[in-house]
1. If you go through segment 59-77 one residue at a time, do you hit one that is in contact (Cβ under 8 Å) with a residue 60 or more places away in the chain and closer than 17 Å to SER23 by Cα?
2. Where residues in segment 53-66 are among the β-branched types (Val, Ile, Thr) and closer than 19 Å to GLU86 by Cβ, which of them is least open to solvent (accessible area, probe 1.4 Å)?
3. If I ask for residues that are farther than 24 Å from GLY8 by Cα and in contact with an Asp or Glu (Cβ under 8 Å, 6 or more places away or on another chain), which ones from segment 24-64 would you list?
4. Restricting segment 70-113 to residues that are among the acidic types (Asp, Glu) and open to solvent by less than 50 Å² (accessible area, probe 1.4 Å), which is nearest to GLN37 (Cα to Cα)?
5. Criterion first (over 14 Å from the mean Cα position of the chain (by Cα) and open to solvent by less than 50 Å² (accessible area, probe 1.4 Å)) does GLY8 satisfy it?
6. Quickly run through segment 39-52 and pick out the residues that are open to solvent by 10 Å² or more (accessible area, probe 1.4 Å) and under 14 Å from the mean Cα position of the chain (by Cα).
7. Could you say which residue among ARG17, ARG25 is open to solvent by 60 Å² or more (accessible area, probe 1.4 Å), in a loop (DSSP other than H, G, I, E, B) and either closer than 14 Å to THR117 by Cα or not β-branched (Val, Ile, Thr) (or both)?
8. Give the residue, chosen from SER68, SER98, that is within 15 Å of the chain's Cα centre (by Cα) and closer than 18 Å to LEU2 by Cα.
Amino acid sequence: QLQASGGGLVTAGGSLRLSCEFSGRTFERYHMAWFRQAPGKEREFVAAIGNARTTFYRDSVKARFTVSRDNTKKHVWLQMNSLKPEDTAVYYCAADLSSGFIRSKSPSDFRSWGQGTQVTVSS
């Protein structure tokens, strides 16, 4: 089970830090990711951190977002800086044991999902 939090309303250029708590065993084996979904759009990949701590980002968030994890605390975070109005979406954390996401970055690569947290960036 995944529990995401940390969303909110921020003006453009501001920052937010999303948190995702993992409830279960062997968190250290899971690959963790963040996706987002804006109204009327498909869910899209944002960032991921593998179980070996390799990180992946979509091009539009590189140098602005940072994904990290703490296996002891069973948490993954998404630090979002220099936020833009186009970052507005519901953000979801996801987990899976398979590394198939590395090639496709698809939501279908992840079997466990959190409930989502709303991020709104005003201009």
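1. Yes, segment 59-77 has at least one match.
2. VAL61
3. The answer is TYR30, HIS31, ASN51.
4. My answer is ASP87.
5. It is true that GLY8 is over 14 Å from the mean Cα position of the chain (by Cα) and open to solvent by less than 50 Å² (accessible area, probe 1.4 Å).
6. ARG43, GLU44, PHE45
7. Only one candidate qualifies: ARG25.
8. The match here is SER68.
The values are calculated or read from the model by the stated rules, or taken from the named source; none is laboratory data. Predicted model, so just to flag it, every value in this text is computed and none were measured. Ideal geometry is used to build each Cβ from the backbone, glycine not excepted, and the neighbour counts take in all protein chains shown. Each accessible area value is taken on the protein alone, full model and side chains, heavy atoms only, with ligands, DNA and RNA left out. Shrake-Rupley method; radii C 1.70, N 1.55, O 1.52, S 1.80 Å.
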